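Shown next, in structure tokens, is the structure this report addresses.
The values are calculated or read from the model by the stated rules, or taken from the named source; none is laboratory data. What you see is a predicted model, and the numbers here were worked out from it, not measured in a lab. When we count neighbours, we look across all protein chains shown, and the Cβ atoms used for this are built from the backbone with ideal geometry, even at glycine.
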Amino acid sequence: MTDALTQAMAKGLDLAERSGTETSDKAPVRGPAASPLAAAAAARSPTPPANGREGSVADPGSFATGAPGDRWAPRGVLVAHLQEHRGPVRALASSTDGLFVVSGGDDGQCKLWDCTRLERDVSFRSRLTYASQGGRVTALVSLDDGGGDHAVASASDNGSVHAWRVEYVERGGPSGGSQRGESTSTDRDGRSSRRHRAPPSVERYTGAAEIATVSRGSGAVTAMIRTGVKTLCYSTARGGVRGWDLRSKNSEAFRVNWDSQLGTISALVAEHGGGSGTHENTSSPYTPCFDPRWLVAGTSRGCLALMDLRFGARVAEWRHPTRAPIDALVLATEPSAHGTDARPAVWCAAGRDEVASWDVAAGTCGRVFRVTRGDSQDFENDGALKNGGRLDVFELDSRRHDGDDSYLSTNELGDGAARDDGVRCLLPLPSGALLSGGSDACVRMWCPGEPGRSKVVSGPLPPGPRPTYDESREGVNGTPVLREVPVRDERGGNTGGVNVGDQVAAAAVRHDCHRDSVLCMAAVGTGMQRMLVTCGRDAAVKVWK
């Protein structure tokens, strides 16, 4: 390990420790709106810890189970800096047993990193590379079946989706891991909530075996999620939303037709735990739902479309108040005791430095997270609350017969206007908190109803006091808004007006954070051994505790 990287990691540890002590005493909450998860956690624990570290004793088997109420959160301690890609890294997928994480990017390569060796391996080298697909990798999904087999699906902008198996040799036995033990965790109410399959002890990785491929010739694959044991759902630039059953080469599991007026799909998210084939670990936000009933798509034109997968139809089409492209979508609804979501609610990253939760059935906003830069705080006329906290109905066909072709978005064919700075990826935590990665190279943790726990996990922040967080009710409906407040200078002014470009430029000489936009995040590992993995436009993959 180089001296520079050693110093950078030590500096990252120092920043993480400071942030953990400074975020516990923040500005008072103006009209707090505690989330159900926060209220339940407070009722069960009289003195909840700040950042999950100080002042309490964790319940054995429930502190990091992955079930709702699990307060695990990354501290921002840099564990590994992985630099083998030759271009922006846009996708991550981790195995359910914490054995490895796969990264994919614009260089067309999928690289496998052994997570069991990250903390003790000074070489930080990938153990396997899959480069047989061609094009730029746009999405990755883990296809682990819980029985010991490890497989990954990768999507490309050449329109193809490949499913491939990770092959390895175990120490003292063949690959497969069918004899590995399992441990079952319980939640705070004593219910069995999660099974952890111990990762195999791998002696060496031997290759990647292609399982199946599909290419529909309908443009680049723009987003992909898992919807069944052997089923993937993916979107293409020209072909709408398709389902692919890996057991059949050419047949489609389902298809939802798409209208070009809605824009190109940029993000997909499905119901968490809806069908008869739900996974044993549906309580964890990291585990996909099997056989979901509904799906939400976000597009380049700011559309949020709700689809009923039972009938393969679009049932609601909304437009974001800012008209900004949808950059990321994740579920925002807490799973019920029956493993189903009451409403199709999602966290949506769109617009400048803002994340909002939306009920896509009713078109209403439930909560907003925002980074304030400067003194502007006009919540009612800007961002998600612009229309009183409601989505607009996306009108179709209104101009087809008037000779107006603007609905075709022909302006997108050329070099469009530069995108606004904002959030590029989201990752929900079991506690109800949300991680966001943005164009300012920062990773933030937002805790609804608990502004004192919210913090900047990593980023090119200057030395000194860290940003503070407060929560208030804004807009005509009193929507809870959790905002990051910039540090005040000595004259009482706001230092939050720092240009994002200048902030990213300052990160060019640092190793303890990303040097450009954070594009994807994933949680890897189980229990207290979980780690956060991030990747970005700087071609780097970083691992954090």
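Just a few scattered comments:
- Complete set of residues in the range 413-441 that are at pLDDT below 85 and not in a loop (DSSP other than H, G, I, E, B): LEU413
- Within the range 357-390, being in contact with a helix residue (DSSP H, G or I) (Cβ under 9 Å, 6 or more places away or on another chain) and either at pLDDT below 90 or not in a strand (DSSP E or B) (or both) holds for ARG373, PHE379.
- Pair list, Cβ under 7 Å, 6 or more apart: the range 244-269 residue free of Cβ contacts under 8 Å to residues at least 12 places away in the same chain and under 17 Å from PHE290 (Cα atoms), other residue in a strand (DSSP E or B) and not charged (D, E, K, R): GLU252/GLY243; GLU252/TRP244
- On inspection, VAL166 passes the criterion of being out of contact with any Lys or Arg (no Cβ under 9 Å at 6 or more places or on another chain), surrounded by 22 or more Cβ atoms within 10 Å (Cβ to Cβ) and at pLDDT 90 or above.
- Hits in the range 349-369 (condition: among the β-branched types (Val, Ile, Thr) and over 11 Å from LEU434 (Cβ atoms)): VAL360, THR364, VAL368
- Considering residues of the range 131-147 that are touching an Asp or Glu at 6+ places or on another chain (Cβ under 9 Å) and of a type outside the set (Gly, Ala, Ser) only, the residue nearest to THR526 (Cα to Cα): ASP144
- Any hit, the range 310-325, residues being closer than 16 Å to HIS272 by Cβ, modelled with pLDDT of 90 or more and buried (at least 22 other Cβ atoms within 10 Å of the Cβ): no
- Hits in the range 131-160 - residues which are closer than 21 Å to THR227 by Cα, hydrophobic (A, V, I, L, M, F, W, C) and in a loop (DSSP other than H, G, I, E, B): LEU143
- Selection count where residues are in a strand (DSSP E or B), touching an Asp or Glu at 6+ places or on another chain (Cβ under 9 Å) and modelled with pLDDT of 90 or more, scope the range 228-244: 5
- Residues of the range 93-116 that are surrounded by fewer than 24 Cβ atoms within 10 Å (Cβ to Cβ), among the polar types (S, T, N, Q) and under 16 Å from ALA540 (Cα atoms): GLN109 alone.
- Residue in the range 113-127 that is of a type in the set (A, V, I, L, M, F, W, C), modelled with pLDDT of 95 or more and part of a strand (DSSP E or B) present: no
- Residues satisfying the criterion are present in the range 117-131 (criterion: surrounded by fewer than 21 Cβ atoms within 10 Å (Cβ to Cβ), within 26 Å of ALA198 (Cβ to Cβ) and aromatic (Phe, Trp, Tyr)).
- Which listed residue, of ARG71, ARG75, ARG136, is at pLDDT 95 or above, surrounded by 18 or more Cβ atoms within 10 Å (Cβ to Cβ) and not aliphatic (A, V, I, L, M): ARG136
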